[in-house]
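Here is the structure we will look at.
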Amino acid sequence: MSPLHATLRRHVDAGTVPGAVGLVARGAGVEVAAVGHTDVEGSAPMARDSLFRIASITKPITAAAVLMLVEEGRIGLGDPVAKWLPELAKPMVVRTPASPVDDVVPADRPVTVEDLLSSRTGWGFPDDFALPAVQALFTVQRDGRALQDWPDPDTWLDLLARVPMLDQPGEAWLYGTSSDLQGILVARVSGRTLPDFLAERIFEPLGMRDTAFEVPASKRHRFTSSYAPAEDGTLRLTDTPDGAWSRLPRFHSGGGGLVATADDWLAFGRLLLNAGAAPDGRRLLSATSVSRMTTNHLTAAQRENAGLFLEGQGWGYGGQVDVTPAGPWSVPGRYGWVGGTGTTAHIVPATGTVTVLMTQTAMTNPTPTPLMRDFWRVTA
C-alpha cells in the first residue's frame, strides 16, 4: 500500500469521507488511489473515473477562459467591465467596511477586467462575515446552495448591482463573487453560453470528456453522492446522482459549477505546466497568460487581510499562489485552490507536479480539512 493510498484509507476508515480519489502526477508518471465508495451505503466502489462536484477548483478554468478572450483582443485587462456588464456601471461602496448598507459613496473608479481576475472587484467575502455589506451579499451570492436555486445570470447580476461593495475596486482581495462575474463576462463577450465556450475552447481540446455543468443519465452510475458533516459526527446527504446536477442550471457558475474527474483536472493542470500548450501542440493559452494566472497579484497587506482564506499566501488569476513556506507542501509558485465540496487541485511548476484530491464531503469553513493537509503532505 503506497503512502498516498494509506493516507486516503485512514480517513475513509475514520468515517470523515465515504471515499476519495487522490492523484499525483510528476512528469509523465501518474499515481492514482481510489479508496472507499461513492456513497455511505457502499453502493459502488470509488473508481479513478468517479465524478465529483468540484466546486471552487472550477475557478482557474474560468480565469483561463477570460484570458483567451484577452489574447484575442476582444477585451483588455484594463478595460472597464461595464462595457459588457452595464449593470455594474455605477457601483456604490459602503463608507467603511463596518458601515450600514445605506451609508455609501460612489466607487472611485470603474471595475476592470483585471479586478475580476484578481478577485479585487469590491464584491466578495472577507474574513468577517458579520459585516452589513457581507450579509447583504449573502442574499445574492448563494454559495453552498444548489445552483438550481440561483436565478439566471442577468437577474443575478441585477441583484448584485444593488448590493454595495465592501471595498473600493482594486483595494482588497475578496472571495467568490469575482469568479462568477468572470463567467458572465465570458458569455457576454463571446456570445456563447459559458458551458459551450468552455467545452469548445478548453474541455474538447484537452480531452476533458467528463467535465461539464450537468451529468447525463449515461454517466450517473459514476457520479458520487455528496454530504456535509452533521453535528453528531455522521454525514448528512446533500445531493444524489439524480439531483441538482441532472440538468443544466439557469446559472452557469464560473466560481464553482463544474463536475469533473481527477484525470480531467490533471489535463487542465498539465496545460498550465506546459505554458498553455495542449498535448497535440495546439496553443490554447500564451505563456504570458499562464504566467499571469500563476503569479501573485496581491500586496502583503491584502494577503494579510485575507488570512482566513489564504493563510498568508497570494492569489493569481483564479487560484492561490504560494509565496511563503506555511507548510511542507508550500513551494513558491505552487498554484491551485480548494473546493467547498471537498476537492483540491494544484500545480507545482518548480517540480512539474500536479496533485488532485476528490472527495464528496463538504468543508465546514474556509480552512482546509485535515484530509486535504494530509494529502498535500504525502504528495509534496
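The values are calculated or read from the model by the stated rules, or taken from the named source; none is laboratory data. Remember, it's a predicted structure, so these values are computed and weren't measured experimentally. Methodologically, a virtual Cβ is constructed for each residue, glycine included, from the backbone with ideal geometry; neighbour enumeration extends over all protein chains shown. Side chains included, ligands, DNA and RNA excluded: accessible areas come from the protein's heavy atoms. Shrake-Rupley method; radii C 1.70, N 1.55, O 1.52, S 1.80 Å.
Express in Å², to the nearest 10, the accessible area of L273 obtained by rolling a 1.4 Å probe over the protein heavy atoms while all chains stay in place.
Accessible surface of L273 is approximately 50 Å².
Determine the order of E31, E231 by accessible area, beginning with the largest, at a probe radius of 1.4 Å. Provide the component values of the computation, followed by the final result.
Details: E31 65, E231 195 Å².
These residues rank, largest area first, as E231, E31.
On the protein heavy atoms, probe 1.4 angstrom, tell me the percent of accessible surface of the chain carried by carbon and sulfur. The partial results should precede the final answer.
Details: 7680 of 14540 Å².
Accessible surface attributable to carbon and sulfur in the chain totals 53 percent.
List the relative contact order of region 318-380 as a percent without decimals, with contacts defined as Cα pairs under 8 Å and 6+ residues apart. Please report the intermediate quantities before stating the final value.
Numbers: 96 pairs, mean separation 15.9, N = 63.
Over region 318-380, the number comes to 25 percent.
Cα convex hull of region 31-188: mean projected area in nm², to one decimal? Display every interim value, and only then the final one.
Values: hull surface 47.4 nm².
Mean projected area of the Cα convex hull: 11.9 nm².
Compute the angle between helix 370-379 and the longest alpha-carbon principal axis of the chain, please, reported from 0 to 90 degrees and rounded to the nearest 10.
Tilt relative to the chain: about 70 degrees.
Kindly give the semi-axes, whole Å and largest first, of the ellipsoid equivalent to region 164-253, taking each as the square root of 5 times a Cα gyration tensor eigenvalue. Intermediate results must be reported in sequence, preceding the final value.
Working: eigenvalues 155, 116, 24 Å².
Semi-axis lengths for region 164-253 are 28, 24, 11 Å.
Sum up the charges of everything whose Cβ sits under 15 Å from the Cβ of D39, counting Lys and Arg as +1 and Asp and Glu as -1, but leave D39 out.
Details: positive: R53, R220, R222, R236; negative: E41, D239, D242.
Residues near D39 contribute +1 overall.
Projecting each Cα onto the charge dipole of region 6-120 (Lys/Arg +1, Asp/Glu -1 at the beta carbon, about the Cα centre), which of P110, A20, V70 comes out farthest on the positive side?
Value computed over the given set: A20.
If you place +1 on the Cβ of every Lys and Arg, -1 on the Cβ of every Asp and Glu, and leave all else neutral, what size is the dipole of region 242-338 about its Cα centre, to the nearest 20 Debye?
On the way: 8 positive and 7 negative charges, 65 e Å.
Charge dipole of region 242-338: 320 debye, to the nearest 20.
Compute, for the chain, the length of the dipole vector about the Cα centre, with Cβ point charges of +1 (Lys, Arg) and -1 (Asp, Glu) only. Units Debye, rounded to 20. Show your work: numbers first, answer last.
On the way: 33 positive and 40 negative charges, 157 e Å.
The calculation lands at about 760 debye.
Which residue, F125, F138, I57, has the largest displacement toward the positive end of the dipole of the chain when charges sit on each Cβ (Lys, Arg +1; Asp, Glu -1)?
Checked the options; the winner is I57.
Computed on alpha carbon atoms, what radius of gyration and Dmax characterise region 272-380, expressed in Å?
14.2, 42
HN-Hα J couplings of region 342-349 from phi, Karplus 6.51/-1.76/1.60, θ = phi - 60°, integer Hz, Gly and Pro as x?
x, 10, 7, 8, 9, 10, 10, x
Of the peptides 257-270, 235-248, how do they stack up when ordered by the mean number of other Cβ atoms within 10 Å, highest first?
Ranking, from highest mean packing down: 257-270, 235-248.
Return a whole-number percent for the relative contact order of region 309-354, with Cα pairs under 8 Å and 6 or more residues apart as the contact set.
Dividing the mean separation by the residue count of region 309-354 yields 24 percent.
Using each residue's phi in region 289-295, evaluate 6.51 cos²θ - 1.76 cosθ + 1.60 at θ = phi - 60° and report the 3J(HN,Hα) Karplus result to the nearest Hz, with x for Gly and Pro.
Computed from phi, the couplings for region 289-295 are 5, 4, 4, 5, 4, 9, 10 Hz.
Given only helices, namely DSSP H runs of n ≥ 4 each adding -39500 (n - 2.57), what is the per-residue ellipticity at 222 nm of the chain, to the nearest 500 deg cm²/dmol?
On the way: 12 runs with 104 residues, N = 380.
About -7500 deg cm²/dmol.
Run the numbers for V105 and D128: contour at 0.36 nm per residue of separation, minus the present Cα-Cα distance, in nm.
On the way: separation 23, 0.36 × 23 = 8.28 nm, distance 2.10 nm.
Net length gain for the segment: 6.2 nm.
Kindly report the accessible area of the chain per residue (heavy atoms of protein chains, probe 1.4 Å, no ligands, DNA or RNA), in Å². Show your work: numbers first, answer last.
Working: 14540 Å² over 380 residues.
In whole numbers, the chain has 38 Å² accessible per residue.
Scan around R283 for amide H atoms under 5 Å from its own, H built in the peptide plane at 1.01 Å from N, and keep only partners 5 or more places away or cross-chain.
A278
So for each of 13-23, 103-113 I average, over its residues, the number of other beta carbons within 10 Å; can you give me the resulting order with the highest mean first?
Working: 13-23: 21.1, 103-113: 16.7.
Ranking the peptides 13-23, 103-113 by packing returns 13-23, 103-113.
Mean separation of Cα pairs under 8 Å and 6+ residues apart, divided by the residue count of region 204-331: what relative contact order is that in percent?
Details: 150 pairs, mean separation 23.5, N = 128.
Answer for region 204-331 is 18 percent.
What nm distance separates the two modelled labels at A47 and S218, each placed 7 Å from Cα along Cα→Cβ?
Label-label distance for A47 and S218, simple model: 1.5 nm.
Using modelled backbone amide H atoms (1.01 Å from N, in-plane), which distant-in-sequence or interchain residues come within less than 5 Å of G255's amide H?
D180
Between region 177-203 and region 13-27, what's the alpha-carbon centroid distance in Å?
That distance is 30 Å.
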